[in-house]
1. Filter region 30-59 down to residues that are touching a residue at least 60 places away in the same chain (Cβ under 8 Å) and not in a loop (DSSP other than H, G, I, E, B) and give me whichever is surrounded by the most Cβ atoms within 10 Å (Cβ to Cβ).
2. Pick from region 8-29 the residues that are under 20 Å from the mean Cα position of the chain (by Cα) and part of a helix (DSSP H, G or I): which of them is surrounded by the fewest Cβ atoms within 10 Å (Cβ to Cβ)?
3. Mind listing just one residue for me: the one in region 78-98 that is buried (at least 17 other Cβ atoms within 10 Å of the Cβ) and out of contact with any Pro (no Cβ under 8 Å at 6 or more places or on another chain) and, of those, farthest from residue 54 (Cα to Cα)?
4. I'd like the full set of residues that are of a type in the set (Val, Ile, Thr) and either in a helix (DSSP H, G or I) or closer than 15 Å to residue 107 by Cβ (or both), limited to region 60-85.
5. Could you pull out the residue among 55, 41 that is more than 14 Å from residue 116 (Cβ to Cβ) and among the acidic types (Asp, Glu)?
6. Here are the criteria: (1) in a strand (DSSP E or B); (2) in contact (Cβ under 8 Å) with a residue 40 or more places away in the chain. Tell me which single one residue 131 does not satisfy.
7. Quick check on residue 113: is it closer than 19 Å to residue 18 by Cα, in contact with a His (Cβ under 9 Å, 6 or more places away or on another chain) and not hydrophobic (A, V, I, L, M, F, W, C)?
8. Could you list all residues from region 90-144 that are in contact with an Asp or Glu (Cβ under 8 Å, 6 or more places away or on another chain) and among the charged types (D, E, K, R)?
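FYI, it's all coordinate maths here, none of it is from the lab. Here the structure is a predicted model, which means the values were calculated and not measured. Don't worry about glycine lacking a Cβ; one is built from the backbone with ideal geometry, like all the others, and counts go over all protein chains shown.
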Amino acid sequence: MTRTPPPPRASFKLFQALQTRWADNDMYGHMNNVVHYQLFDTAINQWLIETGLLDPLAGDIIGLVVETSCRYHAEAMFPDRIAAGIAVERLGGSSVTYAVALFRNDEDTAFAEGRFIHVYVDRATRRPVSLPDGWRAKLEGLQP
């Protein structure tokens, strides 16, 4: 079986800078696999907050994660600097499928890649809501 190669940086328009932490390393001397998911979550929500789309404490709309996946291509560890490439793979009525790739230091090839799916819901009712036009415009800007 041939495995799809990891994506290059050129596949992404948006990058969020992240930093590994001392506690991210496991007993094998590399970043524990659960940390990759934390980095995906942090990168996407950091961008949503910075662009004014998401107010996690008081906004009417919040994103609930309904699916994630990760493919590991190489190791990373503290004190590596991470650049998370983010793209919108699919834009639905109330959901967004993000493609995320993690790049170590200045490397051009991702050491991990994954998908992260948010369904956007009303904070109070937890029922799906249509993405507002302002959200949709910014998210469309991340499509390939």
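1. 40
2. Within region 8-29, the match that is surrounded by the fewest Cβ atoms within 10 Å (Cβ to Cβ) is 10.
3. 80
4. 82
5. One residue alone meets the criteria, 55.
6. Only one criterion in (1) in a strand (DSSP E or B); (2) in contact (Cβ under 8 Å) with a residue 40 or more places away in the chain is unmet by residue 131, namely (1).
7. When the stated conditions are applied, residue 113 passes them.
8. Of everything in region 90-144, those that are in contact with an Asp or Glu (Cβ under 8 Å, 6 or more places away or on another chain) and among the charged types (D, E, K, R) turn out to be 104, 115, 122, 123.
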